[in-house]
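Working notes for the structure below.
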Amino acid sequence: MRQPMVLGGRLLVAATLAGVTGLAQAQLTPAQSLLQDKFVFNLGGFIVGTDVTAHLNGSSSTNPDVDFDQTFGNGSDSTRIRADALWRITPNHHLRFLYFNNTSDRTRAIDRNIASGDYTFQAGATVESKTKFQIYELAYEYAFWRTPDVEVSGSLGVHYMKLSQQLSGTATFTDANGVTSAASFVRKENSIPVPLPVIGARVAWAFAPQWVLEGQGQLFKADISGYDGRVTDLRAGVTWMFSQNFGAGVGYNRFITTVETSKERFDGRLRLGYSGVQLYLTGAF
């Protein structure tokens with residue numbers, strides 16, 4: 001009789017603990033769930049201003065910087081999206097993924113000369129500028145401080161930037177001897193695939209039952225395989241969880257990267273940045 005009673009008592013205690021744990025999980029607010037759920041996804045667009053400055057050196061000279069936004073303007077023919085995903089493998093060990101896409105296509109009669117490599121687009125010419133900028137990032141994140149309302153994490157990852165720029169129009173061509181000749185309808189495209197490591201930190205605070213405030217920063221500077229790169233990515237936002245699994249938010253994001261290289265595909269310097277208000281949707285499961 002004693003053994004069955006002991007076994008029954010243990011089962012009763014285990015059932016009670018399981019019930020208490022389930023009740024505690026059920027009592028999490030939507031904001032707290034965002035800090036506890038295994039998978040979190042964000043997808044948003046930008047009301048954003050960009051800052052694209054670059055120069056491409058020629059075979060016989062170093063060309064000045066070209067401010068593409070100032071030269072070609074900020075048109076509405078742009079696509080700017082950012083997607084973030086978080087996988088909490090365990091409460092403290094996470095994986096983060098980031099994707100950003102900024103694509104623009106603008107055509108304008110330029111009011112100044114544009115030198116790109118050995119080609120020069122003369123003032124008054126109609127020039128088409130296409131810029132496609134993409135970022136992919138995969139990072140490991142460790143949450144070194146966690147409470148039901150607060151999560152503080154540090155991260156280490158790889159930031160892969162892919163940029164392609166294309167200019168089309170009538171230009172002049174200057175060879176290595178400095179001789180200039182006409183070049184009809186030149187299409188010049190240059191691309192820079194750049195992998196850079198980044199370190200960062202993130203803080204999330206569930207300050208109300210349905211509201212979460214979050215800040216994130218990533219920085220790095222390195223000279224790797226002929227690429228001298230610098231990355232700054234700062235983001236802050238507030239999310240309203242209108243249900244246990246879904247929410248909407250508004251934030252501000254500032255990203256700046258500068259790359260200098262003398263590679264064959266791109267010999268020059270590029271500075272690209274964006275900053276602006278981001279509107280996004282959140283899902284947590």
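Read-outs throughout are calculated quantities, based only on the coordinates presented, and are distinct from any laboratory measurement. Quick caveat: nothing in here was measured; it's all calculated off a predicted structure. Note: ideal-geometry Cβ built from the backbone for every residue, glycine included; neighbour counts use all protein chains shown.
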If we sort 82-88, 166-172 on the protection proxy, mean other Cβ atoms within 10 Å, highest first, what's the order?
-> 166-172, 82-88
Stretch gain in nm, segment Gln134-Val158, where the contour uses 0.36 nm per residue and the Cα spacing is subtracted | 7.3 nm
Simple spin-label estimate for Tyr99/Asp149, 7 Å along Cα→Cβ, in nm, reads 3.6 nm
For Asn113, which sequence-distant residues (separation of 5 or more, or a different chain) have an amide H within less than 5 Å of its own amide H, given hydrogens modelled in the peptide plane?
-> Ala123
Subtracting the Cα-Cα distance from 0.36 nm times the residue separation, let me have the gained length for Val250 to Thr107 in nm, one decimal.
-> 48.3 nm
